[in-house]
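Below is one structure, written out as structure tokens; comments come after it.
Coordinate-derived values only; no laboratory data. These numbers come from a predicted model, not from an experiment. Cβ atoms come from the backbone with ideal geometry, glycine included; neighbour counts cover every protein chain shown.
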Amino acid sequence: MQHFDVIIVFVVMAFILISLYKELMGAAFTFFIAVMALGVFGILTPSEILGGFANEQLAVIIMLLLLGDSIRQTSVIEIFFSKIFPRSTSYRGFLARMMLWVGGFSAFLNNTPLVAVMMPYVHQWSKKNNVAPSKLLMPLSFAAILGGCVTLIGTSTNLIVGGMVVDQDIIPNMRELEMFDFFWVGFPMLVVGFLYLYFFSYRLLPAKKSVIDNFVENERKYLVEAMVRKNSKLAGLSLEEADLKNTHGLYLVDICRGKYTFQVTDSSFVLREGDLLRFAGDTNHISELLNENSGLMVPGVGMMSKLKKAQVVEIVISHSSTLITKAVQDVNFRGRYDSALIAIHRNGERITTAIDEVRLKAGDVLLLLAGDSLSTRMQGENDFYVISQVKELRKPERYKIYVLFGGTLLAILLAALKLVPLFIGLVLVLAAINLLGIVSAKDLPKSIDYNLGVIIALSLALGTAMIKTGVAEMIADVVIRVFSPFGKVSLLFGIYLITSILAAYITNKAAVAIVFPISITAAANIGLDPTPFALVVSFAAAANFITPIGYQTNLMVYGPGGYNFRDFFRVGFPLTVIYMLMTVGILSYMYF
């Protein structure tokens with residue numbers, strides 16, 4: 001019976017590898033089928049299958065994702081990034097600043113929303129400075145990965161390994177992984193990776209048009225008016241100094257000053273307070289004008305810009321609308337629809353009059369800044385239809401930001417000092433932000449990545465099956481025979497290499513699930529400290545630079561950057577080799 005169980009486990013492992021490599025089905029469903037098969041054949045008991053769902057590290061991962069999404073919803077990171085990235089700087093200056101901040105934040109926050117928030121800034125800066133986004137998007141992803149490897153909570157892969165260490169029973173007295181066990185490899189590699197990308201990425205990366213640029217001609221072009229604010233930093237600057245001829249991805253059409261309209265052709269034209277600037281541009285870039293740091297204000301918005309929560313929506317005027325032929329200034333969007341007109345688009349027609357004087361037509365597309373009651377006030381009316389929500393704007397009170405950011409950092413600090421378990425600290429922070437109304441308890445479940453939770457829990461069950469049937473020991477013996485003749489260090493190299501290949505071409509979660517029990521068993525069989533064998537699996541799985549499919553942030557930049565697999569291999573392979581050499585070298589020095 002034992003031999004039959006071993007065969008079943010090997011078949012299940014092969015199924016997982018083939019399914020994930022060929023993308024036959026989702027990762028969560030693949031692990032579900034695999035572990036259920038182990039249950040059907042009696043290799044795992046129901047309690048062993050479900051045991052992973054009670055793992056503390058799984059709960060920590062979910063809570064960190066919830067807090068990361070809460071931070072994203074408050075737009076705190078977006079506001080912060082808008083302040084630290086100046087309007088014009090050199091390529092290397094922008095690259096350095098981007099990698100520094102993203103890498104630093106990624107050590108403590110989920111790196112997926114960080115990359116998502118940063119991508120618009122990369123595209124915006126690239127367009128202004130005539131640099132291909134492909135020169136920056138891959139370094140953005142790699143910086144997030146490098147930063148995530150610095151701490152236990154920096155990436156879900158590290159936390160999964162931490163959970164497996166707690167669950168394993170091969171080495172009863174093995175100590176749990178702590179917050180900064182990863183620091184001694186992760187931080188030096190963050191520095192080395194920073195230097196590698198800073199000096200070599202521009203030469204190695206292709207200069208390709210992004211998908212966004214390739215389809216820009218299909219976007220709706222709006223007319224929007226923006227006024228130079230009182231005491232604005234733009235007043236007294238020339239158009240060249242203010243960098244306004246193509247700002248925020250918008251094209252400056254003309255400038256109105258009193259009764260006069262200037263067709264702008266001279267970059268030395270000096271701006272004054274109260275100047276009305278008319279831009280043409282698309283929805284996403286227009287919404288950036290609502291940022292208080294722009295130095296501009298959209299006249300029709302007025303006090304609505306002070307709302308704590310608002311949304312930018314696109315609407316289209318219906319053919320039966322009562323608004324047809326009315327001038328914009330006579331509609332009273334604020335009182336009637338709890339909204340303010342930001343911009344207007346009329347397909348195939350150039351609008352030359354002031355927006356307030358435009359008489360609406362059926363089919364006109366408008367961009368509105370809307371309050372919470374827009375949908376309520378629209379009920380029963382057919383004046384227009386909402387096409388899409390372009391952007392949600394939130395302005396939480398300062399103390400809420402302090403509670404969210406400060407509470408998260410305090411929980412991490414107390415856990416690092418071993419004063420309060422991270423699980424308890426995160427529970428208290430989540431309770432506080434719910435009580436203060438920073439996020440809604442009803443919205444929190446929407447932020448949970450259930451697929452990730454299932455994959456992690458079932459990965460732990462797969463590890464249990466490999467250990468229980470002796471499969472882990474069998475494979476560990478083979479790995480030992482192949483690599484140990486060259487010394488203990490070569491054994492770490494072998495484990496790193498196997499994990500890295502699986503992570504690059506399958507998934508890092510599957511790599512950890514399969515290799516961790518093998519690595520720990522190998523350490524136990526030759527009587528070595530198991531800690532470096534756990535850490536080497538984590539670093540090899542998380543530091544995933546060779547392919548776009550190996551890590552979520554790589555996939556996020558893959559399409560927008562116009563990359564192919566060769567591009568990732570060209571830049572990522574040398575970085576992977578450097579990471580492997582430094583990881584094995586530092587761990588060997590510390591633990592052997």
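Per-residue packing, averaged as other Cβ atoms within 10 Å, sorts the ranges 325-336, 454-465, 564-575 into the order 454-465, 564-575, 325-336, beginning with the highest.
Filter the cross-link list K127/K230; K400/K442; K418/K488; K127/K208; K128/K208; K127/K233 down to pairs whose alpha-carbon distance in this structure exceeds 20 Å. Mind dumping the intermediate values first?
Working: K127/K230 29 Å; K400/K442 18 Å; K418/K488 32 Å; K127/K208 12 Å; K128/K208 16 Å; K127/K233 23 Å.
Pairs exceeding 20 Å: K127/K230; K418/K488; K127/K233.
Using the average count of surrounding beta-carbon atoms within 10 Å as a protection proxy, the listed peptides 551-562, 25-36 rank, highest first, as 551-562, 25-36. Name the trypsin sites (Lys or Arg not before Pro) in the stretch 399-461 that are in a loop by DSSP and that have at most 13 other C-beta atoms within 10 Å, would you? Filter output for the stretch 399-461: K418, K442.
With a simple spin-label model that places each label point 7 Å from the Cα along the Cα-to-Cβ direction, the separation between L413 and R481 comes to 5.4 nm. A crude spin-label estimate for the pair V6 and S268, with each label 7 Å from Cα along the Cβ direction, gives 8.6 nm.
Extending 7 Å from the Cα toward the beta-carbon at both R570 and R175 defines two label points whose distance is 4.5 nm.
Peptides 429-437, 137-145, 163-171 ranked from most to least packed give 137-145, 163-171, 429-437, packing being the mean of other C-beta atoms within 10 angstrom over each peptide's residues.
Residue pairs exceeding 23 angstrom between C-alpha atoms, taken from K22/K468; K468/K509; K22/K135: K22/K468; K22/K135.
Given their separation in residues at 0.36 nm each and the Cα-Cα distance between them, A96 and Y202 gain 36.9 nm when the chain is fully extended.
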